[in-house]
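Peer 1: Mind looking over this structure? Questions follow.
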Amino acid sequence: MKREMAMMGFQMSIVSALAVAIFWAFTTAEAEDAAPREFKPTHESLVRYGVPDWYKDAKFGIYLHWGLNCVPAYHGQYGGAMYKKNDKAQKGKLPVQEYHIKTYGPLNKFGFKDFIPMFKMEKFDPEYYGDLAKKVGAGYWLQLGVHHGGFAMYDSKNFTFNSFRMGPKRDVVAEIFAAMRKRGIHVGISTHIGRHWRYREFSPEYDDWDPKYEALYGHRRGPNDPPRTEDAEKWEDEHRYIIDKYKPDYIFIDGGIVDANRYSDMFIKALYRVTAYYYTRSRAWGKGVVLTWKRKAMKPDEAVRDMENLRDINKDFPGIVPYKWQIHTPLVGWFYTKGCEDRRIDAERYIRLLMEVVSRNGNLLLGITAKSDGTLTKNQIDTLDGIGKWLKVNGEGVYGTVPWKTHGSGVFSQAAGSADRGQRVEKDAVRFTAKGNAVYAFVGTWPADGKVEIKGLTKELFGGNAASVTMLGSPEPLKWKFNGDGLEVTLPSKKPCEAVWTLKVERE
């Protein structure tokens, strides 16, 4: 009996040991899965990261492009153009340097740095912008960090001429991030310092010749001097600092770093190292992040491709793009200039652009700019209000959707800077998105007879008959039928919004 009991005890200890071993094996595996994976600055490593769902679903972001250029408010690139003798004149205006000297005095006496005490931000309220983003329906907010002029809008490590240490003495990025995060809106920062090394002309006649202002203007050099290794090292160090200090959900990298490629690929290599570091750190934070690149800085799927017009994407893909991408465009210009408040802005134009981009697997980042006091012009506020009202009615067909089998037909958007500029929007044009068992058709024309034909939405392409067809924002039942070319729908008697209407077609 004792022998049998001993044998049972031995067997139980083996089972216990195996159980413990299995437990620790699974625990270790789970711990390894949960541990941050280190990404390397290679194509093979970066493409494994992917695009986070929050960015895929958001579709629409706002970019507050605001900085020291808004003080003179004469030209969007004032901080560089003022140091160029041969800069082109604007329509009906003096060249920037001539205007500057006439208005403020010679450049060795009054330079870009001297606008800093005038940049007061006395009415800047991050809570206002947080409420605005929420009201408009933006899924993410991008804040300008540092532009080509070299003045940073945050507590910068390398750009010591910044809004936190000088002028208003406020960390705009930190304040905006706090306001947005409080409201569940994802936040990003833009950097435009890759082109900083050649942004302006250096001359003994200018204050940028003085080494004590190098932290603002950059290292003085001749017009054709190449960037230094130190420039790329500074670029990389600043981005690592931003990542660790602000933990942004999104980093917007300006395309200027590509300009240095004519001399060396050191900026591009630095970009790959920064991207790998950012992805690795995000795993430790437990959240997905986005980095966007421009021109030919990276390859698709390593990060998100960004561009300023439809022309560039149309060259590669006339319809749905097989990877995630973004277009960014401003409402009145990239920096506030006097007179931009008088420009007429049509909300419908940007709603059409939004759906052009979303139907083709992209996001729209809409740029706004403030006066030096931190307030928006009325025309921008009114346009954003129009977009927000439209999204409240039609957002179901925008947020969280994916491209359908086709993006649509006809010219739907007449976007500035695009290949479609100058073409008339076609009345029968339509764009599609999809979610779950529904296809959403966006139409931009309300026919006088109240009947619309959605060309391309055929029964065959849809995959059978439809269970229902409704219009977002309208309770009225609709009459509809498939024909050989598409879907015929009798629209409701009352329009649920002012422009661009959404039909929801659900499967049986």
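The values are calculated or read from the model by the stated rules, or taken from the named source; none is laboratory data. Predicted model, so just to flag it, every value in this text is computed and none were measured. Don't worry about glycine lacking a Cβ; one is built from the backbone with ideal geometry, like all the others, and counts go over all protein chains shown.
Peer 1: Could we say that L354 is closer than 28 Å to E498 by Cα, outside any helix (DSSP H, G or I) and in contact with a Phe, Trp or Tyr (Cβ under 7 Å, 6 or more places away or on another chain) here?
Peer 2: Here the answer is no, as L354 does not meet what is asked.
Peer 1: Can I ask one more? Can you give me the number of residues within the stretch 168-188 that are closer than 17 Å to F124 by Cβ and in contact with a strand residue (DSSP E or B) (Cβ under 6 Å, 6 or more places away or on another chain)?
Peer 2: As a first pass, look at the stretch 168-188 and keep what is closer than 17 Å to F124 by Cβ: 168-180, 182, 187.
Filter once more, keeping what is in contact with a strand residue (DSSP E or B) (Cβ under 6 Å, 6 or more places away or on another chain): 173, 176-177, 180, 187.
Summing the residues that are closer than 17 Å to F124 by Cβ and in contact with a strand residue (DSSP E or B) (Cβ under 6 Å, 6 or more places away or on another chain) in the stretch 168-188 gives 5.
Peer 1: To continue, here is another question. Just the residues that are within 18 Å of V51 (Cα to Cα), over 11 Å from the mean Cα position of the chain (by Cα) and either buried (at least 17 other Cβ atoms within 10 Å of the Cβ) or basic (K, R) (or both), please, taken from the stretch 298-310.
Peer 2: Of the residues in the stretch 298-310, the ones within 18 Å of V51 (Cα to Cα) are 298-307.
Restricting the remaining residues to those that are over 11 Å from the mean Cα position of the chain (by Cα) gives 298-303.
Once the filter is applied, which keeps residues that are within 18 Å of V51 (Cα to Cα), over 11 Å from the mean Cα position of the chain (by Cα) and either buried (at least 17 other Cβ atoms within 10 Å of the Cβ) or basic (K, R) (or both), the stretch 298-310 yields M298, K299, D301, E302, A303.
Peer 1: Further question: What residue, among those in the stretch 465-497 that are among the small types (G, A, S) and in contact with an Asp or Glu (Cβ under 7 Å, 6 or more places away or on another chain), is farthest from K392 (Cα to Cα)?
Peer 2: Step one: filter the stretch 465-497 for residues among the small types (G, A, S), giving 466-468, 473-474, 484, 486, 493.
When the remaining residues are screened for being in contact with an Asp or Glu (Cβ under 7 Å, 6 or more places away or on another chain), the result is 466-468, 486, 493.
Numbers: A466: 25, A467: 25, S468: 22, G486: 28, S493: 20 Å.
Per the stated criteria, the residue is G486.
Peer 1: Considering (1) surrounded by 15 or more Cβ atoms within 10 Å (Cβ to Cβ); (2) under 31 Å from the mean Cα position of the chain (by Cα), say which one V489 fails and leave the rest.
Peer 2: Here V489 clears every test but (2).
Peer 1: In the stretch 393-408, what count of residues is obtained for those that are surrounded by fewer than 24 Cβ atoms within 10 Å (Cβ to Cβ) and of a type outside the set (S, T, N, Q)?
Peer 2: Within the stretch 393-408, residues that are surrounded by fewer than 24 Cβ atoms within 10 Å (Cβ to Cβ) and of a type outside the set (S, T, N, Q) number 9.
Peer 1: Within the stretch 205-214, identify whether any single residue is charged (D, E, K, R), assigned by TED's automatic domain parsing to the domain that holds M118, part of a loop (DSSP other than H, G, I, E, B) and touching a residue at least 60 places away in the same chain (Cβ under 8 Å), and answer yes or no.
Peer 2: Within the stretch 205-214, one or more residues are charged (D, E, K, R), assigned by TED's automatic domain parsing to the domain that holds M118, part of a loop (DSSP other than H, G, I, E, B) and touching a residue at least 60 places away in the same chain (Cβ under 8 Å).
Peer 1: If you scan the stretch 36-68, which residues turn out to be basic (K, R), at pLDDT 95 or above and more than 26 Å from T401 (Cβ to Cβ)? Walk me through how you get there before you give the answer.
Peer 2: From the stretch 36-68, those basic (K, R) are 37, 40, 48, 56, 59; that's our starting set.
Checking which are at pLDDT 95 or above leaves us with 40, 48, 56, 59.
Passing the criteria: only K40.
Peer 1: Consider the stretch 437-470. How many of its residues are in contact (Cβ under 8 Å) with a residue 60 or more places away in the chain, in contact with a strand residue (DSSP E or B) (Cβ under 7 Å, 6 or more places away or on another chain) and either in a helix (DSSP H, G or I) or within 28 Å of R349 (Cα to Cα) (or both)?
Peer 2: First, pick out the residues of the stretch 437-470 that are in contact (Cβ under 8 Å) with a residue 60 or more places away in the chain: 437-444.
Narrowing further to those that are in contact with a strand residue (DSSP E or B) (Cβ under 7 Å, 6 or more places away or on another chain): 437-443.
From the residues that got through so far, the ones that are either in a helix (DSSP H, G or I) or within 28 Å of R349 (Cα to Cα) (or both) too are 438-443.
The qualifying residues number 6.
Peer 1: Separate question: Would a scan of the stretch 311-329 turn up a residue that is surrounded by fewer than 21 Cβ atoms within 10 Å (Cβ to Cβ), under 30 Å from S474 (Cβ atoms) and not assigned by TED's automatic domain parsing to the domain that holds D259?
Peer 2: yes
Peer 1: I would also like to ask the following. Considering only residues of the stretch 202-251 that are of a type in the set (D, E) and buried (at least 21 other Cβ atoms within 10 Å of the Cβ), which is modelled with the lowest pLDDT? Show your work before the answer.
Peer 2: Within the stretch 202-251, the first condition is being of a type in the set (D, E), and the residues that meet it are 205, 207-208, 210, 214, 225, 230-231, 233, 236-238, 244, 249.
In the following step, the residues that additionally are buried (at least 21 other Cβ atoms within 10 Å of the Cβ) were identified as 208, 231, 249.
Numbers: D208: 96, D231: 93, D249: 98.
Per the criteria, the residue is D231.
Peer 1: Sticking with this structure for a sec: Restricting to the stretch 258-269, count the residues that are free of Cβ contacts under 8 Å to residues at least 60 places away in the same chain and over 21 Å from the mean Cα position of the chain (by Cα).
Peer 2: Matching residues across the stretch 258-269 total 6.
Peer 1: Please give the number of the condition T28 fails out of (1) among the hydroxyl-bearing types (S, T, Y); (2) in contact with a Ser or Thr (Cβ under 8 Å, 6 or more places away or on another chain); (3) at pLDDT below 95.
Peer 2: (2)
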